[in-house]
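Working notes, structure below.
Taken together, the values in this text are just the output of simple stated rules run on the coordinates, not laboratory data. Predicted, not measured: the structure shown is a model, and the values here were computed from it. Note: ideal-geometry Cβ built from the backbone for every residue, glycine included; neighbour counts use all protein chains shown.
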Amino acid sequence: MDAFTLCIAEPSDGKAIASVYRPYVETTATTFEETPPAPEAVASDIRTRLETHPWFVAEHDDDVLGYAYAAPLRKRDAYRWTVELSIYLDRERRGRGFGSALYAALLETLDRQGFKSAYGVVTLPNPESVGFHESFGFERVGVLPEAGYKLGAWHDVAWYERSLGAQSASPSEPIPFEACRNEPWLEELLASASTPAS
């Protein structure tokens, strides 16, 4: 396992994150997006999303190896305890442990914020992503057959769900991520998930 550091994403990471994401858009059906977003659009998305939800990057020598973030599942208020997760890794440097570290930190943070359910959406076939989600306790809860057409083929989409905090008849409002940024527990979580250079 190579050395890496987990950090909160910053708008200045927009260019590096866009670079990691671009090959997935252009050459795979992992994402149904067909036009790679510009770095400025990614930076704006980071700035907006961090108000409410976590977005983490794994870095080595200031080079972004991968990233993971959470987003609202739907816009309607009743969905505010439910999130959809995304993770993308530099395709040349997968299998080195930082993907698992990113997801573990993301899930722990969401739990502490008070979210109740997390969903991962996987374009099929993708045994690597399926195994990754199952290793974190996600269970398949549904498949949308031939839900998207990309790169000359129709693709099924599987939905995976994992519960976070216990359900309640009177759930507390999720804590905005902005209110968590300077909490000691978050600093400790990211530090403990990082792998120092040997």
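Quick notes on this structure:
- For segment 85-183, the list of GluC sites (Glu not before Pro) that fall in a loop by DSSP and count at most 11 other C-beta atoms within 10 angstrom reads Glu92.
- Each helix, a run of at least 4 DSSP H residues, gives -39500 (n - 2.57); summed and divided by the residues of the chain, these come to -9500 deg cm²/dmol at 222 nm.
- What separates the Cα centres of segment 94-129 and segment 1-75 is a distance of 14 Å.
- Label-point separation, Glu173 to Ser135 (7 Å along Cα→Cβ), nm: 3.8
- Each Lys and Arg contributes +1 and each Asp and Glu -1, all at the Cβ; summed about the Cα centre of the chain, the dipole is approximately 500 debye.
- Rounded, prolate or oblate (a/c below 1.5 giving rounded, otherwise prolate when a/b exceeds b/c) for the chain by Cα gyration tensor: rounded
- Sorted peptide list for 98-106, 38-46, 69-77, criterion being average Cβ within 10 angstrom, highest first: 98-106, 38-46, 69-77
- Under the criterion of Cα pairs below 8 Å and six or more residues apart, the relative contact order for the chain equals 25 percent.
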